[in-house]
Every structure is written in structure tokens, then in C-alpha cells.
């Protein structure tokens with residue numbers, strides 16, 4: 001026996017599986033560069049600008065429509081009570097905000 005834990009190997013396998021199902025920013029930038037004739041640097045800058053614009057709009061409380069994908073919007077969450085795990089103590093969870101995504105009909109029918 002080598003003394004190595006199989007638990008670590010299982011965790012590595014899970015992360016590899018996640019990498020296979022998740023598209024990274026670098027992959028999107030590469031596709032953008034190939035489709036548009038931009039350099040990877042230019043495509044990366046354009047990608048960052050789009051993301052910054054989306055985040056800024058959401059921060060300002062605006063909805064963001066992404067054609068053929070859906071709409072991102074900020075929704076208020078109400079104050080509520082919860083239970084602290086382990087102690088079963090009731091706690092107050094303050095009101096806040098969350099980002100919601102409504103899938104476009106085009107995308108929904110494609111999947």
C-alpha cells in the first residue's frame with residue numbers, strides 16, 4: 001500500500017468531470033477570437049467589458065436581457081427565520097438581494 005488516500009483521487013476525478021462539463025472563460029474567449037478575427041487579448045478584453053457592463057447594470061437594479069439566452073434581474077429576498085445546523089437554534093436571516101435568471105423561450109425549446 002502506498003499510503004495515499006483514495007479519497008483524494010475521487011475528489012480529483014470529480015473535479016475532472018466538472019471541468020469536462022463546465023466551459024471556462026478561456027474557452028469562450030478562444031471561440032470569440034476564432035469567430036470574429038480578433039486576437040485572444042482583444043476578445044478577452046471584449047468579454048471582460050461585457051461582464052462588467054452586466055454586473056454594473058445589475059448593481060444599479062436594472063434587468064439585463066441577453067437575446068436567445070434569457071433575462072438576469074435582481075430580486076429582493078424577505079427577512080426570514082432559519083435554523084442553525086448542529087444546534088437547532090432559530091436565527092433571523094436578514095432581507096437581501098439575489099440575482100434571478102429567466103430562461104428565454106428559444107433556449108428552453110433548444111434544450
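Please treat every number below as a calculation from the coordinates, not as lab data. These figures come from a predicted structure and were not determined experimentally. In this analysis, Cβ positions are derived from the backbone assuming ideal geometry, glycine residues included, and neighbour counts consider all displayed protein chains.
Explain nothing, just the number: relative contact order of the range 63-111, from Cα pairs under 8 Å at least 6 residues apart, as a whole percent.
After rounding, I find 42 percent.
Hey, rough spin-label estimate for residue 108 and residue 66, points 7 angstrom out along Cα→Cβ, what's it come to in nanometres?
Rounded to a tenth, the inter-label distance reads 1.7 nm.
So, how do all the Cα-to-Cα distances of the range 63-111 break down into 10 Å bins, in percent, from 0 on up?
23, 29, 22, 20, 6
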